[in-house]
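One structure is given here, and the rest of the page talks about it.
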Amino acid sequence: MGTHRIRIALVEDNKDIARSIKNILDAEPDMSVDHLFANAEEFIAAFMRTEADVVLMDINLPGKNGIDAIRETKPLKSFVQFMVLTVYESPAYVFEALCAGATGYLVKGHASELLAEAVRDLHAGGSPMSSAIARLVVGSFQKESLQRIADDQLTERERSVLDQLATGLLYKEIAAKWDISTETVRKHARNIYAKLHVRSRIEAIRKVYPDR
């Protein structure tokens, strides 16, 4: 029994890039680019008639952009896997594309030697990403996790105290600024340390504000 050939649709407005991608993938024994589209509108109009397992989508297209095209078509055939192929490494584009329904994201400059294996990985249920993009994703999740630590565990006043401590103010300076006792500020600080499972101002700041 032969191996199922991965059917690919490519949405790319640059003819030279489209030809290069098609040549790379058509040379693989288990896949082929069966559909080429120069813009999102053509792709959307033909999507329901297009037999594709994987869609490779550029972002910067004439007219409707690639992310909007993914958002519009992914719900119509949930089994079709979308991978963004783009020059953009912006976190905003990455997360907008993933939220729209893409499950892979490759930067064009690094894609040629990774492309065929990334298509196989995507088709098999993986989420291939360029290493720089993967670092952006991990970094964002880490920052969101730290933000949730502060938002979920600390009261509004405790967050304010920690913000003041992060700027370098002493307990007595915070107390004078808010017209409260130094002991009240110290009590807030003890609560912060206990909730964050740390033992000092420095550890608390590093845990919630790793860039400081």
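Laboratory data are not the source of any read-out in this text; all were calculated from the coordinates shown. Bear in mind that the values here come from a model prediction, so they are computed numbers and not experimental data. Glycine gets a Cβ as well: all are built from the backbone with ideal geometry, and neighbour counts include every protein chain shown.
The radius of gyration of the Cα set in segment 6-136, together with its Dmax, comes out at 13.0, 37 angstrom.
When the Cα positions of Met57, Ala97, Leu85 are compared along the charge dipole of segment 6-136, Ala97 comes out farthest toward the positive end, with charges on each C-beta of Lys, Arg, Asp and Glu. Spin-label model, Asn14 to Ser127: label points 7 Å out along the Cα-to-beta-carbon direction sit 2.7 nm apart. In order along segment 13-28, the Karplus-derived 3J(HN,Hα) couplings, from 6.51 cos²θ - 1.76 cosθ + 1.60 at θ = phi - 60°, round to 8, 7, 5, 5, 5, 4, 5, 5, 5, 4, 5, 4, 7, 5, 6, 7 Hz, and Gly and Pro are given as x.
Residues in segment 191-208 carry Karplus couplings, in order, of 5, 4, 4, 5, 5, 8, 6, 10, 10, 8, 4, 4, 5, 5, 5, 5, 6, 9 Hz; the curve used is 6.51 cos²θ - 1.76 cosθ + 1.60 with θ = phi - 60°, and Gly or Pro positions show x.
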